1. Step through the table entries LYS61/LYS108; LYS47/LYS154; LYS47/LYS69; LYS38/LYS154; LYS47/LYS120, compare each Cα-Cα distance with 23 Å, and write down the pairs that go over it.
2. In the range 71-101, what trypsin sites (Lys or Arg not before Pro) fall in a loop by DSSP, with at most 14 other Cβ atoms inside 10 Å?
3. Give me the net charge for the shell around ASP155: Cβ to Cβ below 13 angstrom, other residues only, Lys and Arg +1, Asp and Glu -1.
4. Using each residue's phi in the range 149-166, evaluate 6.51 cos²θ - 1.76 cosθ + 1.60 at θ = phi - 60° and report the 3J(HN,Hα) Karplus result to the nearest Hz, with x for Gly and Pro.
Amino acid sequence: MKTILSFLLLLQCSLCAAQNTLPLWNFDSLDFKGGYNKFERAPSSSKIYLTDSVYHGAGGKSLQVIACKQTEGYCGAWINFFFIKRNQVRYIHAAEFNYISFYIKGAKGGEQVQIQLSDKSLSEREDSRPAKPLSTYLPQGITTVWQEVLIPLKDLERFDPSQLAGLTFNFT
């Protein structure tokens, strides 16, 4: 069975505490820490690119992920929050923050994606830890309207928020 999924992320991705926000990615200003790319295993596939044709707010850019999820294989996109300077990897110290947040919008609505986060240890193994099901954070699921996703960092087991490394979108 072939399922084609497309969704857009406005990755003004931030860490949030009660009165404190640390912006991680903002495609509007092209201010981001780290890199991003797709992952796939045939026969599933994915494409990612920056677009200015669909965005959240008055204007800007978003990261579009187009996924063709087959019964076999896997696909999605990842975003790293760390950067390398003089051969040293610097991770995000997120221990004082309660949430990671981002905006998400589906092309048709009903898209299925597993959100996963990684810390230094997981990233070094090219792995990530799943958060709770997306329906926990978006009870109506992904729709065609921009929605903010707030993921409590405490929802992740065996995860070190003092060395936040990345965010993964794994299409199911």
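1. Working: LYS61/LYS108 19 Å; LYS47/LYS154 31 Å; LYS47/LYS69 12 Å; LYS38/LYS154 27 Å; LYS47/LYS120 26 Å.
Beyond 23 Å: LYS47/LYS154; LYS38/LYS154; LYS47/LYS120.
2. Qualifying residues, ordered by number: ARG86.
3. Around ASP155, the surrounding residues sum to +3.
4. 9, 10, 10, x, 4, 5, 6, 9, 8, 6, 9, 9, x, 6, 9, 5, 10, x
FYI, it's all coordinate maths here, none of it is from the lab. These numbers were taken from a predicted model, which means no experiment stands behind them. Every residue, glycine as well, gets a Cβ built from its backbone with ideal geometry; the counts of neighbours run over all protein chains shown.
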